[in-house]
Structures are given as structure tokens and as C-alpha cells.
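The values are calculated or read from the model by the stated rules, or taken from the named source; none is laboratory data. Just so it is clear, the structure is predicted and the values come from calculations on it, not from any experiment. Note that we place each Cβ from the backbone using ideal geometry, even for glycine, and neighbour counts take in every protein chain shown.
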Amino acid sequence: MALFGAHVSAAGSILKTFDRAKEITAEVFQFFLRSPRVWSWKGVNQKTKEAFKKKLEEFKNPIIVHAPYLLNLASPREELRRRSVEVFLEELKFCDEVGIHYYNFHPGTATGITDEEGLRNVINSLTEIFSHYEPKRTTVLLENTAGERGDLGKNFQELKIIMDALAGVKLGVCLDTCHAFAYGYELNTPKGFDKFKKEIENTVGLESIKAVHCNDSKVPLGGRKDRHEHIGKGYIGLEGFKNLLKDEYFSTLPYYLETPKEGNMDIVNLKILRELSCS
């Protein structure tokens, strides 16, 4: 049975994420440990860590920490790649210590280099990360991208290359519906969805998909831009989400909204998803 939630703010304290999730009727949620567009992080004191662990044990359902947008493990710039590795390690260690289920990141952007070179950089970066620390409880999720501006992980073949190179490490995939559709996966027709599912089965495997970023798309199929829209208000439409929620496998996953924060739209979007799931 699917679980539904959203990205929530951790402003003030990560402890507030649980209350903010409850306010929007979320059964699962995602948050940032730091502002996604800055490198600095003041960290979390031991008292807050212990309180968070207790709340998480009571909450039970899977939560995600999303890596900052600044990270680029594919970068040819050694300074940027090094900084990215350091922040990734810092956040992953925290997630594993307190028992957070998933740590999600965008594979990276191949700026000024080929995709093949970028993928090698991602693999080398992750190999370095896991040589320093291999999580016991937290699963690292690679998020598919729309392929905008050289973003890697735009298709499941690229994700497979990364994952195959790190066999034995706790890795999975977070499927972003907007990114998939914007890249060119036709989720909103029976034929397109079947083709999409078969590609997953033949590459990373269905079992590797651990979570769904549930977003409609402001751009048409193949538009290659990352522009999220409210559920049913974009080019994917209700049929695309119905295809996911009626599928034998995808209907068992946790769904996390990353739609625009406008009024009570998180509550509205979650209500729509639940209705589609039950229809």
C-alpha cells in the first residue's frame, strides 16, 4: 500500500519536521539538513539528535534527507568535487547515526566534459565516499534527472552504470515523475508506461526503486526541463499518476510531493493522490 507525504521545511530545528508533516496529513516526508543552496551547516547537537531518534522511532514510516543542490560529484573541477564529497559524507554519517531511511542526491552535471567522463567522476566520487564510510541503516538513493544542462542520471541506463560499479553498497533509486516525463518517458499512456516499466526491469531492476518524488510537469514530454507542477495540473495529468498507483509494484512505494508551496496545496495534492490510489 502506498504512503503519501511531501517535502517539509526544517527551518528552526529538524525536530519541527514531524509536526509540519502532521499538519499536511503526510504519512512520509522529506527535508534538507541545511539550506540546499549553501555549503555551511552548523550541525546538530547531541540532545537534538537523541530527540530526533525518538521521534523517528515513533513515526516509523520512511523519511528522506535530500542532499543540497550545490553538490556535483560529476564535476571536472577538483575543488567542487572535493567539497561535494565532504558534504555528502557529513550528511550521510548523520543520517545513518540517527536512523534516517534514505539519503537522496542528484548524480551530478557534466559541465564541459562528456557524459561518459561525468559518469566516471560520479563513480569515483561515490567509491571514495563509501571507502571512508559505508552506512549500516541509511540507503543512498540516486534520483533520475530531466537531462537539463548536462545533468546525469537522466535515464535508467546511466543509473545502471553507476550502480553496477558500486555493487554491494546500499544503493537505490528515487523516481522523480516530473524528471522522467520531461526526459521523455511517457508515463501517462498505457503503452508508454509499459515501455517505461520494462526499461526499469531491464536495467536497474524494479526492486531498486525505493521511493517516488511525485510531481506533475510544467513542460511537455521530452521538454528536458525540471519544472514541477501540482498533481493533475501539468502535462503528466491524472492518468500518469493513476498508472503508477494502480501498478502492482509502484502502488507499494512511499510518495513524496515536491510541488510548489502555495497555500494549502500540499493537502490538496495529497488528497488527489489518495483518491487516485483508492479509485
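For segment 239-263, filtered to residues that are closer than 17 Å to ALA26 by Cβ and free of Cβ contacts under 8 Å to residues at least 40 places away in the same chain, the residue that is farthest from the chain's Cα centre (by Cα) is GLY263.
Remark: pairs (first residue in segment 112-136, under 12 Å from ILE162 (Cα atoms) and touching a residue at least 12 places away in the same chain (Cβ under 8 Å); second residue hydroxyl-bearing (Ser, Thr, Tyr) and surrounded by 13 or more Cβ atoms within 10 Å (Cβ to Cβ); Cβ separation under 9 Å; 6+ apart in sequence or on different chains) = GLY118/SER75; GLY118/THR109; GLY118/THR111; ASN121/SER75; SER125/SER75; SER125/SER84.
Could you grab me the full set of residues in segment 115-132 that are closer than 13 Å to GLU90 by Cα and among the β-branched types (Val, Ile, Thr)?
Looking only at segment 115-132, we keep the residues that are closer than 13 Å to GLU90 by Cα, and these are 129-130, 132.
ILE129 - this is the single residue of segment 115-132 that is closer than 13 Å to GLU90 by Cα and among the β-branched types (Val, Ile, Thr).
Being exposed (fewer than 13 other Cβ atoms within 10 Å of the Cβ), basic (Lys, Arg) and within 30 Å of GLY112 (Cβ to Cβ) is a condition met by no residue of segment 43-53.
Cβ-Cβ contacts under 8 Å between residues 6 or more apart (or on different chains), taken from a first residue in segment 72-90 that is farther than 19 Å from ASP151 by Cβ to a second residue that is in a helix (DSSP H, G or I), are listed as LEU89/ILE129; LEU89/HIS132. Taken across segment 155-171, residues that are within 19 Å of TYR255 (Cα to Cα) and modelled with pLDDT of 95 or more do occur, with at least one present. Evaluate segment 146-158: report whether one residue or more is closer than 30 Å to VAL98 by Cβ, touching a Phe, Trp or Tyr at 6+ places or on another chain (Cβ under 8 Å) and surrounded by 20 or more Cβ atoms within 10 Å (Cβ to Cβ). So far as segment 146-158 goes, no, none of its residues is closer than 30 Å to VAL98 by Cβ, touching a Phe, Trp or Tyr at 6+ places or on another chain (Cβ under 8 Å) and surrounded by 20 or more Cβ atoms within 10 Å (Cβ to Cβ). Are any residues in segment 176-213 closer than 23 Å to GLU134 by Cα and either surrounded by fewer than 22 Cβ atoms within 10 Å (Cβ to Cβ) or without any contact (Cβ under 8 Å) to a residue 60 or more places away in the chain (or both), and if so, which ones? Selection gives VAL204, GLY205, GLU207, SER208, ILE209, LYS210. Residues of segment 127-173 being assigned to a strand (DSSP E or B) and either over 18 Å from ASN72 (Cβ atoms) or more than 17 Å from the chain's Cα centre (by Cα) (or both), which ones? Correct list: THR139, LEU171, GLY172, VAL173.
Inspect all residues belonging to segment 53-61 and state whether any of them is assigned to a loop (DSSP other than H, G, I, E, B), touching a strand residue (DSSP E or B) at 6+ places or on another chain (Cβ under 8 Å), of a type in the set (A, V, I, L, M, F, W, C) and modelled with pLDDT of 95 or more.
So in segment 53-61, the residues assigned to a loop (DSSP other than H, G, I, E, B) come out as 60-61.
Keeping just the survivors that are touching a strand residue (DSSP E or B) at 6+ places or on another chain (Cβ under 8 Å) gives 61.
With the extra rule that they be of a type in the set (A, V, I, L, M, F, W, C), the set shrinks to none.
No; the residues of segment 53-61 include none that is assigned to a loop (DSSP other than H, G, I, E, B), touching a strand residue (DSSP E or B) at 6+ places or on another chain (Cβ under 8 Å), of a type in the set (A, V, I, L, M, F, W, C) and modelled with pLDDT of 95 or more.
Among the conditions (1) assigned to a helix (DSSP H, G or I); (2) β-branched (Val, Ile, Thr); (3) under 23 Å from GLY147 (Cβ atoms), VAL219 misses just one, which is (1).
So which of TYR103, TYR69 ends up being within 19 Å of the chain's Cα centre (by Cα) and either assigned to a helix (DSSP H, G or I) or surrounded by fewer than 16 Cβ atoms within 10 Å (Cβ to Cβ) (or both)? Lay out the reasoning, then the answer.
On the way: TYR103 fails: either assigned to a helix (DSSP H, G or I) or surrounded by fewer than 16 Cβ atoms within 10 Å (Cβ to Cβ) (or both).
From the options TYR103, TYR69, the qualifying one is TYR69.
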